[in-house]
């Protein structure tokens with residue numbers, strides 16, 4: 001019964017979404033307040049309906065109701081509760097429902113927090129959100145309905161794909177979708193602005209928090225997915241340039257560009273047309289990602305099912321929305337007035353360069369991802385574009401961007417002083433080079449490029465602080481006064497510094513792991529030892545164990561340094577009973593930010609086993625950096641400037657006098 | 001410089017960056033793209049030693065031989081021809097005789113294929129798409145290969 005209520009709620013949601021997609025637009029044209037008022041209330045009810053529907057499916061999973069086909073296909077009564085629940089989105093139908101849930105969540109949030117938006121803009125934005133909602137609700141109901149019953153009901157389910165039975169996967173999709181789908185708000189704002197043919201700095205001020213929130217969640221989601229792949233797949237890699245990874249990475253790159261261009265628009269009213277275009281591109285890439293991942297054109301852990309009608313349906317959604325938005329853009333954009341003139345060397349100029357590099361590298365990733373698909377469709381020839389391609393192109397393109405990142409915040413708006421900015425960075429750049437050279441000396445040589453890479457990371461980390469240092473005027477003013485000024489800086493300044501610093505930490509981790517990781521593949525018998533990264537591992541033997549829905553062979557290793565035991569680790573090979581599917585559970589031990597990674601191979605005839613041991617220096621920096629970026633995002637989001645319409649706090653004249661003019 | 005000249009300089013700068021990116025992409029494509037082959041393709045036209053390719057097919061039954069250390073050799077077949085492959089490292093969990101695989105590597109001589117990666121990933125039903133397409137086209141595909149023991153499931157998920 002509950003499942004049927006969920007199904008019905010989804011159908012109702014479709015009806016409401018249809019109303020919200022039409023009535024407010026008509027209202028906005030005729031200036032009819034009653035019709036426009038349908039948008040916010042409708043969006044909130046819509047969210048309620050989809051939530052109800054999602055909860056109904058969750059309930060079916062929680063109680064293992066195998067009469068629902070979706071539950072039967074992807075769950076098992078013996079699975080731990082957390083995986084039963086995360087199983088809701090561990091399959092095609094459920095994950096699309098989650099997609100829809102988050103889409104309507106964002107509409108509801110716009111309805112709730114958008115009280116101070118002009119009525120027509122709010123009505124149009126929510127209507128555009130509803131168009132997307134209609135498309136995806138139809139998609140779910142027509143091609144991917146999770147509420148279909150089975151008769152007779154099977155006694156036992158088929159289990160969730162074992163590699164998805166992992167706490168990381170329980171949070172990865174929701175986070176990723178919060179980012180991915182969050183960009184729909186930027187898209188809706190862009191389309192609404194185009195419909196109205198009017199756009200100004202206030203528009204950018206409304207869009208920026210949404211972009212920032214989506215970007216922050218997407219950062220978290222991608223980092224989570226990368227960490228999951230690292231420890232769960234047992235290959236020790238953290239990024240494979242797999243098309244599905246690229247699918248989430250491209251909106252991130254474009255979203256990063258959007259974040260920066262919206263800043264220019266908000267402060268200087270420049271780059272209006274470009275920002276609107278970028279907002280459309282970003283969400284188009286999200287839709288493209290959904291298509292690549294969900295349509296089954298790519299074979300991967302994400303392609304749960306390959307049903308051609310689904311692919312065609314999503315492709316249709318993609319073409320309608322992307323094509324429609326671009327057509328609208330081509331028609332309306334010339335009417336948007338551009339403003340704000342600036343010199344090439346200025347904060348705006350730096351942000352334009354940032355946008356240029358980010359969009360070109362997005363295009364590079366897009367080319368590498370789609371080229372094999374296009375080539376196969378056109379000529380039938382099958383090729384693979386792998387990591388070497390992306391490392392070469394994307395890696396090289398990123399270097400100039402990383403070099404200018406600390407300079408941007410130091411340049412003034414309108415007309416900047418490049419020499420002055422560089423002078424402020426000389427010390428930091430010099431320091432970074434010295435540290436890099438010092439490491440080179442300590443490590444007794446090695447690839448010079450790697451040490452330059454490390455220096456680049458350090459330069460980014462220290463460089464991110466330079467802006468704060470000079471704005472607070474440390475070194476010129478007494479420490480206590482400078483510290484008071486530092487505290488008075490807007491939170492967005494800290495957000496910027498943190499995000500840029502996080503980028504530096506990630507770069508540091510990537511360079512360290514790429515250049516200095518060591519890998520040993522060896523046959524081990526009980527009692528044998530192996531050395532890796534200055535640690536010694538002793539293989540203590542194998543043991544069998546039984547989990548709730550799997551059996552495993554576990555190998556135990558004792559890790560010692562200079563003869564003293566410091567840690568021990570289990571590494572195992574599991575067989576999941578229901579699907580008879582083997583998985584490798586790597587054993588991972590952290591030492592500071594570095595890790596030892598032990599994974600098991602095949603048993604040998606003579607009783608030994610193949611063991612693969614990696615030493616991963618500073619690998620945790622990669623994800624630590626993402627966490628810092630994320631914190632930067634949240635700090636920036638809490639800035640008063642972005643809390644549109646929040647009552648302004650008691651003014652502090654003294655502070656305003658001290659704050660440097662921007 | 002006048003403002004117009006400045007603007008031209010900026011546009012030229014942007015264009016040249018894009019041009020560099022395009023050239024880089026073309027260069028990278030020429031360097032690192034691996035074409036996909038099945039054993040019978042290789043029988044028809046030879047691939048020169050040292051060229052990176054992807055070789056796909058089924059792991060021939062009874063051909064897996066474990067050598068010294070973690071070196072494994074096996075044959076990849078598509079029913080009409082087979083190619084011996086050697087690989088050092090840990091094979092993926094789902095590597096089995098009779099299963100579909102995609103290996104990537106180079107021919108060191110005209111006969112010996114040395115793979116540096118072997119893919120057979122993620123799902124027990126997983127058949128690399130390239131392999132499945134070709135096996136179907138060549139008529140070697142058997143329903144049972146795509147949907148093993150669990151019965152009804154195979155037909156539902158595919």
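Only the coordinates and a few stated rules stand behind these numbers; no lab work does. Quick caveat: nothing in here was measured; it's all calculated off a predicted structure. Neighbour counts run over all protein chains shown; Cβ positions are idealised from the backbone, glycine included.
Using a 10 Å cut-off around each Cβ, can you sort A:612, A:29 from fewest to most neighbouring Cβ atoms?
A:29, A:612
Can you figure out the FRET efficiency of residue A:422 with residue A:522, using R₀ = 51 Å and their beta-carbon distance, to the nearest 0.05?
That gives a FRET efficiency of 0.50.
Over every pair of different alpha-carbon atoms in region B:77-119, take the mean of 1/r and invert it; report that Kirkwood radius in Å.
Over region B:77-119, the inverse of the mean reciprocal pair distance is 11.2 Å.
If I take every Cα pair under 8 Å that is 6 or more residues apart in region A:17-67, average their sequence separation and divide by the length, what percent do I get for the relative contact order?
After rounding, I find 27 percent.
Over all alpha-carbon pairs in region A:460-561, figure out the percentage whose distance exceeds 22 Å.
Above the 22 Å cut-off, region A:460-561 has 62 percent of its Cα pairs.
Express the Stokes-Einstein translational diffusion coefficient of region A:368-420 in µm² s⁻¹, to the nearest whole number, given a Kirkwood radius over alpha-carbon pairs, 10 °C and a viscosity of 1.306 mPa s.
D, rounded to a whole number, is 111 µm²/s.
How big is the gap, in Å, between the Cα center of region A:225-279 and the Cα center of region A:441-518?
Result: 21 Å between the Cα centres.
If you project the alpha carbons of region A:336-452 onto their three principal axes, what span does each projection cover, largest first, in Å?
Ordered largest first, region A:336-452 gives principal extents of 59, 56, 12 Å.
Given N residues in region A:215-282, what is its alpha carbon radius of gyration divided by 2.2 N^0.38 Å?
This ratio for region A:215-282 stands at 1.41.
Please report Rg (one decimal) and Dmax (integer) in Å for the Cα set of region A:111-183.
Considering region A:111-183 through its Cα atoms, Rg and Dmax are 18.6, 56 Å.
Taking N as the number of residues in the protein assembly as shown, what is its Cα Rg relative to 2.2 N^0.38 Å?
The reported ratio for this selection is 1.00.
In square nanometres, what is the average projected area of the Cα convex hull of region A:517-587?
Value for region A:517-587: 5.5 nm².
Taking the convex hull of the Cα atoms, report for region A:487-628 its projected area averaged over all directions, in nm².
Computed as one quarter of the Cα hull surface, the answer is 12.2 nm².
Given the convex hull over the Cα atoms of region A:322-390, what projected area results after averaging over all orientations, in nm²?
Approximately 7.5 nm², given one-decimal rounding.
Where the Cα atoms of region A:1-68 are projected onto their three principal axes, how long is each span, largest first, in whole Å?
51, 14, 12
Hey, how much of the P(r) for region A:407-520 falls beyond 20 Å, as a percent of Cα pairs?
50
Over chain A, what is the relative contact order in percent, taking alpha-carbon pairs closer than 8 angstrom and at least six residues apart?
11
For region A:321-382 and region A:109-151, what is the centre-to-centre distance using only Cα atoms, to the nearest Å?
26
Measure of size requested: the Rg and Dmax of region A:33-90, with Cα atoms as the atom set and Å as the unit; please supply both.
Looking at region A:33-90, its Cα Rg and Dmax stand at 16.1, 54 Å.
Give me A:468, B:42 ranked fewest to most by other Cβ atoms within 10 Å of their Cβ, as a rough exposure proxy.
Fewest-to-most ranking of A:468, B:42: A:468, B:42.
Please report B:90, A:44, A:281 as a ranked list, fewest other C-beta atoms within 10 angstrom at the top and most at the bottom.
Going from sparsest to densest Cβ surroundings: A:44, B:90, A:281.
Return the average number of partner chain Cβ atoms within 10 angstrom of each residue Cβ along peptide A:151-160.
1
Out of all DSSP beta bridges in the protein assembly as shown, what portion is antiparallel? Express it as a percent rounded to 5.
90
Roughly how many whole Å is it from the C-alpha centroid of region B:81-97 to that of region A:48-96?
37
Ranked highest first by the average count of other Cβ atoms within 10 Å around their residues, in what order do A:235-247, A:251-263 fall?
Listed from highest to lowest mean packing, they are A:251-263, A:235-247.
By its C-alpha gyration tensor, with a ≥ b ≥ c as the square roots of the eigenvalues, how is region A:136-241 shaped: rounded for a/c under 1.5, else prolate for a/b larger than b/c, else oblate?
Oblate shape, in that a/c is at least 1.5 and b/c is the bigger or equal ratio.
Averaged across the residues of A:230-241, what count of C-beta atoms belonging to other chains lies within 10 Å of each residue's C-beta?
For this peptide, the per-residue mean of nearby foreign Cβ atoms is 1.
Which shape class applies to region A:48-139: rounded if a/c is under 1.5, otherwise prolate when a/b exceeds b/c and oblate if not, where a ≥ b ≥ c are the square roots of the Cα gyration tensor eigenvalues?
prolate
If you average 1/r over every pair of different alpha-carbon atoms in region A:150-202 and take one over that average, what Kirkwood value in Å do you get?
This gives a value of 15.3 Å.
Could you work out the relative contact order of region A:85-183? I mean the mean sequence separation of Cα pairs under 8 Å and 6+ apart, divided by the number of residues, in percent.
47
Other chains' Cβ within 10 Å of A:381-391 residues: what's the mean?
What the average comes to for A:381-391 is 6.
Residue A:530 to residue A:479: extension gain in nm, 0.36 nm per residue of separation minus the Cα-Cα distance?
13.1 nm
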